[in-house]
1. Along the stretch 120-128, what does the Karplus equation 6.51 cos²θ - 1.76 cosθ + 1.60 (θ = phi - 60°) give for ³J(HN,Hα), rounded to whole Hz, x for Gly and Pro?
2. Could you work out how far apart the two model spin labels at residue 271 and residue 291 are, taking each label as a point 7 Å from the Cα in the direction of the beta carbon, and quote it in nm?
3. Could you pull out every residue, at least 5 positions away or on a different chain, whose amide H is within less than 5 Å of the one on residue 298? Hs are placed 1.01 Å off N in the peptide plane, and Pro or chain starts have none.
4. Could you list 174, 290 in order of exposure, starting from the residue whose Cβ has the fewest other Cβ atoms within 10 Å?
5. Of 300, 50, 10, which is farthest along the charge dipole of the chain in the positive direction, counting Lys and Arg as +1 and Asp and Glu as -1 at C-beta?
6. Per-residue ellipticity at 222 nm for the chain, helices alone: DSSP H runs ≥ 4 residues times -39500 (n - 2.57), over residue total, nearest 500 deg cm²/dmol?
7. Charges at C-beta only: +1 for Lys and Arg, -1 for Asp and Glu. How large is the resulting dipole of the stretch 134-281 about its Cα centre, in Debye rounded to 20?
8. In terms of modelled amide H atoms, which long-range or inter-chain residues lie less than 5 Å from the amide H of residue 24?
Amino acid sequence: MSNSFNLDEILKKKGTKTKGYLDIAAKPDGSMIRIPYMIVVGMQDGPVFLGEGGIHGDEVEGGEALAIVANALDPKELRGSFVAVPHLNLEAFNIGKRAAGSIDYTVADMNRLMPGDAVDGKITSRVAAAYVENFVKKASIILSFHGGGNTLFLEPLCSYCSPAADQKTYEFTYDLAKAFGVKVLWRHERIPFGGTLTTIAEKMNIPCILAEIGGNSCAYPLKNTMREISVNGIYNVLKRLKMIDGEVKFLDSYVDASIEYLHTTHGGIFRAKKTVLDDCKKGEVISEVYNVFGEKIDECVAPYDGVVIGLWTASVIQPGDWTFLYGKRV
């Protein structure tokens, strides 16, 4: 099956806007598994900015924001190119789930499969491979959006490379993370899983920052606020990269943290005792789990003095699920 998409050729057409789909494979009903894109090519030379949202289908705030900015940008005023993939995992997006369980034989998390496999992989892995080959490898800088999805709420944050990256990339991403304009900064280390976009971008020496914004559990008007934070963050990064005019106003202070995921052992009714940006003392009980008889069967204890960055919001939690994103200030 042929596909005419060629990002290199699109980027040569200065002063243009393009949107469409990169087709990957046909489904049994004849519709396509595909990647949506929106591209704005400035009249002047500059970086290739890649903004990506929706690698998890229930995380939509960033994708909405990328589309808003792509529609609003004026190519005459843009230096470089703005490449947006607003909802990378369309199959998961279509069903409002983190992953598209009906496509692969076993449910596959696209952000654990990077850089994917274009030949021997299941379809989620092939979409990941097409994304890396056609978009990631062409980028000068990447902004990847995530969120709490259907079950978590996250205080808006922006991550930067771990100190394990080369010093220039570390400092560059740290500066961009601060420019994004949210209070919490995430030093991206102690990640308990591989195959993420940030991991492979670091290996490819492509600077990558990651924004975690809110969650679909947000009620209006908070959901609108999260979208606005995302839009403003994109504009701030573009200003800092000098792709558009404007001054970035940095915050007076940040919560700079190395973050880890805490888990429950037993499933049941989840009761949080702490919320985002609450400080906790080592040994303090920060959540509890109750069974159907109202008996406490589990609790989560702060492993060290730290701060809550995100938490489980659904009423019921499954055994082994995340309870908190918990940060140690750095």
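1. For the stretch 120-128, the Karplus-derived couplings read 10, x, 5, 5, 4, 5, 6, 5, 4 Hz, x marking Gly and Pro.
2. Distance between the two pseudo-spin positions: 1.6 nm.
3. Placed amide hydrogens put 289 under 5 Å from residue 298.
4. Neighbour counts put them in this order, fewest first: 290, 174.
5. The listed residue farthest towards the positive side: 10.
6. It lands at -7000 deg cm²/dmol.
7. Rounded to the nearest 20 debye, it is 260 debye.
8. 33, 34, 35
No value in this document is a laboratory result; all are computed from the given coordinates. Keep in mind the model is a prediction, meaning the values are calculated, not measured. Here Cβ is always computed from backbone atoms with ideal geometry, including for glycine, and neighbour counts include all displayed protein chains.
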